[in-house]
Amino acid sequence: MSEISAEQVAHLANLARIALTEEEIEHLTTELGQIMQAVEQVSEVATSDVAATSHPIPLHNPLREDVPSDVLTVDQVLSGAPEHDGTRFVVSAILGEEQ
Amino acid sequence: MSDLIRLSAADLAAKLASGEVSSVEATQAHLDRIAAVDGAVHAFLHVNDAALESAADVDRRRAAGEELGPLAGVPIAIKDVLVTTGMPSTSGSRILEGWIPPYDATPVRKVREAGMVPLGKTNMDEFAMGSSTEHSAYGPTHNPWDLERIPGGSGGGSAAAVAAFEAPLALGSDTGGSIRQPAHVTGTVGTKPTYGGVSRYGSIALASSLDQVGPVSRTVLDAALLHDVIAGHDPHDQTSIPDPWPSMAEAVRNADVSGLRIGVVKELDSDGFQSGVRQRFHEALELLAANGAEIVEVGAPNFEYAIAAYYLILPAEASSNLAKFDSVRFGLRVVPEGGGTVEEVMAATREAGFGPEVKRRIILGTYALSAGYYDAYYGSAQKVRTLVQQDFASAFDRVDVLATPTAPTTAFRLGEKLDDPLAMYLNDVATIPANLAGVPGISVPAGLAPEDGLPVGVQFLAPAREDARLYNVGGALEHLLVDRWGGPILSQAPDLSTHELMATEEGVV
């Protein structure tokens, strides 16, 4: 289960949107294999009769009145953006030439 | 060194309330200390240039007869994971370098409303991923007990700031031990509250189901006073517990362990722990027993799977949380040579902006969540989480609190474990179970390990919502140990004044 290839790491990096270098991919391939081997032991005790816990303290659907609360202004929201036009975030092209 | 910086927060607050000292004087004394020793310690990433102004404002309000909270005018350091208006908030990462958030995290808002004075932002492992602060993009923090050693992590900056008398109090965050393990290695106190006890709003998320903000201090009472300030329901955090909390400070003031049943987790009292760590741990238990506590051995057979489950759940949640760093809304943007699509810009930005440990964990989390592996990894880890909770539940049927050494070793040398992620992860073996189960934990100084003279902490754990029990037992132990030592443990820490002197000679100050 823990055999991880460089191709897999490159695929994961693409999914995670990180332009890893070849050297990083090589390094991570070894490390991920070791880490996964260590963490795989969870399957020893995670049998089908054990329920999964996603949240440590059970709370049920906290709701509030549907009225505007103290939200940020447009200026505040844009204040940290690398590029904006005063009302919107500016990004580069969504599609490349081949798309 | 000014006497003001050696006072506990509680004692300083009393002097502020009586008018003997002003907040401007107290704040200036701490800013002077930061200027003198932080070149050597590097606890701070940013020093607040509005600190004296905030202090003067509190002094004015006090002079005008305004009713102020118990910690009004007391300076505080803030871990850089918490967003702050007027101060950059980087979470230790290049990707957020220079970012000034448009709002305050709820715990920060609460300390400001309590009249406390933010001194600045403290160093941390990038996005709180680490146990040594060596993964900070801005260089490591040094342990004030030995500058060649780690101050713990991820909140090493907050713990070192408090240990080096640069601040009487600090805010931290704890996902797998990031408040408690730094307390252990620096001879300070740190609490991870019950999950949901303190709002996570504005805490830059690492793993949302594990993260919890809490107090860092030199005394148990100080931690309790700060806990009382930051705890409570916050509608901005959907996981915030709506019930009211009892006063933690009262629990310290009324500390009494007679009849208290303390469970020793046998799986965490093993040969895997350094001998001096175990020795001080057992001495602490004997002292508590001599004062009326009942010591019981308990088993927690599933704790041995906790680290494995944690290193699946944490990267999975982190890989999702860190997707927000997309070069669009805040932080760094790196455009590849010749331009690129928004996805290429994103990938280039994340490649340049994230450090090696963050990349490692994002890739690991992406793998654990990917199609075909989800059930085997993330699903199994969530089942282990249930088993760890069951271990806690059966232990707490028999005892009021649990006790363990906080971490397996004293502070190791900077660089020693940097190239071995698995060895680094093992530092959290005793602290992780609490995060998986959502229960509260505290680390209190237990003494110095005889073999290396470095601080050792004892950890207490209580059932969810029973944080006050930690302050009861922690306060009682501290009182007994300080009597035995003839003063606080930090009075045995090396004097950093030689560094003050060097800094002055080099013209840094």
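What follows draws every value from the coordinates through simple rules; no lab data is involved. Bear in mind the structure is a predicted one, so any value in this text is a computation, not a measurement. Here the Cβ positions follow ideal geometry from the backbone for every residue, glycine too, while neighbour counts run over all protein chains shown.
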Report summary line: Of B:10-23, B:208-221, B:71-84, B:94-107, ordering from highest average Cβ density within 10 Å down gives B:71-84, B:208-221, B:94-107, B:10-23
Query raised in the report: If you take the beta carbon distance between B:Q390 and B:H282 as r and set R0 to 30 Å, what does 1/(1 + (r/R0)^6) give as a FRET efficiency, to the nearest 0.05?
Result: 0.65
Report task. Classify chain B as rounded, prolate or oblate, taking a ≥ b ≥ c as the square roots of the eigenvalues of its Cα gyration tensor: rounded when a/c is under 1.5, otherwise prolate if a/b is larger than b/c and oblate if not. Result -> rounded
Query raised in the report: Label A:E40 and B:S270 with points 7 Å out from Cα along Cα→Cβ: what is the distance between them in nm?
Result: 2.1 nm
Report task. Please label the shape of region B:1-153 as rounded, prolate or oblate, based on the square roots a ≥ b ≥ c of the eigenvalues of the alpha-carbon gyration tensor (a/c under 1.5 means rounded; beyond that, a/b larger than b/c means prolate, else oblate). Result -> oblate
Report task. Please work out the C-alpha center-to-center distance from region B:324-340 to region A:56-88 and express it in whole Å. Result -> 22 Å
Query raised in the report: Which whole-angstrom value gives the distance between the alpha carbon centres of region B:90-109 and region B:418-494?
Result: 28 Å
Query raised in the report: Picking from A:A81, A:A13, A:A38, which is most flexible by a Gaussian network model of chain A using Cα springs under 10 Å?
Result: A:A81
Report summary line: Share of Cα-Cα pairs in region B:116-170 beyond 14 Å, whole percent, is 46 percent
**Report entry** Rough spin-label spacing in nm, given labels placed 7 Å along Cα→Cβ, for B:A35 and B:V335
**Finding:** 4.2 nm
Query - Contact order normalised by residue count of chain B, Cα under 8 Å, 6+ apart, percent - result: 18 percent
**Report entry** For B:303-311, mean number of other protein chain Cβ atoms within 10 Å
**Finding:** 4
Query - Debye intensity ratio I(q)/I(0), log10, region B:181-243, q values 0.17, 0.19, 0.21, 0.26 Å⁻¹ (C-alpha model) - result: -0.59, -0.72, -0.84, -1.09
Query raised in the report: Using a basic spin-label model with each label point 7 Å from the Cα along Cα→Cβ, how many nm lie between B:R261 and B:L426?
Result: 3.4 nm
Report task. Two decimals is fine: what is log10 I(q)/I(0) at q = 0.16 Å⁻¹ for chain A, from a Debye sum with one equal scatterer on every Cα and no solvent? Result -> -0.97
Requested in this report: Report, for the protein assembly as shown, the % of DSSP beta bridges that are antiparallel, rounded to 5.
Outcome: 65 percent
Query - Column: log10 I(q)/I(0), Debye, Cα scatterers of the protein assembly as shown, q = 0.11 Å⁻¹ - result: -1.03
Requested in this report: Kindly rank B:199-205, A:19-25 from highest to lowest mean number of other beta carbons found within 10 Å of each residue.
Outcome: B:199-205, A:19-25
Requested in this report: Give B:K383/B:K417; B:K79/B:K110; B:K121/B:K359; B:K324/B:K383; B:K79/B:K383 a once-over and call out the pairs whose C-alpha atoms are over 20 Å from each other.
Outcome: B:K383/B:K417; B:K121/B:K359; B:K324/B:K383; B:K79/B:K383
Report summary line: Relative contact order as a percentage, region A:1-46, C-alpha pairs under 8 Å and 6+ apart, gives 49 percent
Query raised in the report: GNM on chain A, C-alpha springs below 10 Å: top fluctuator among A:E26, A:E83, A:E65?
Result: A:E83
**Report entry** Theoretical gain in end-to-end length, B:V296 to B:E53 [0.36 nm per residue, Cα-Cα removed]
**Finding:** 82.3 nm
Report task. Would you kindly give the portion of the calculated P(r) for region B:51-140 that falls above 16 Å, as a percent of all Cα pairs? Result -> 56 percent
Report summary line: The relative contact order of chain A, taking Cα pairs under 8 Å that sit 6 or more residues apart, comes to a percentage of 17 percent
Query raised in the report: Considering every residue in B:358-370, what mean count of other chain Cβ atoms within 10 Å of its Cβ is obtained?
Result: 6
Query raised in the report: Arranged from highest to lowest average of other beta-carbon atoms within 10 Å per residue, in what order do the peptides B:232-242, B:159-169 appear?
Result: B:159-169, B:232-242
Query - For residues of B:331-338, the mean tally of beta carbons on other chains within 10 Å - result: 2
Query raised in the report: Based on the alpha-carbon gyration tensor of region B:363-509 and its eigenvalue square roots a ≥ b ≥ c, which shape applies: rounded if a/c is under 1.5, prolate if not and a/b is larger than b/c, or oblate?
Result: oblate
Query raised in the report: With the radius of gyration and the Kirkwood radius both derived from the Cα set of region B:207-255, what is their ratio Rg to Rh?
Result: 1.02
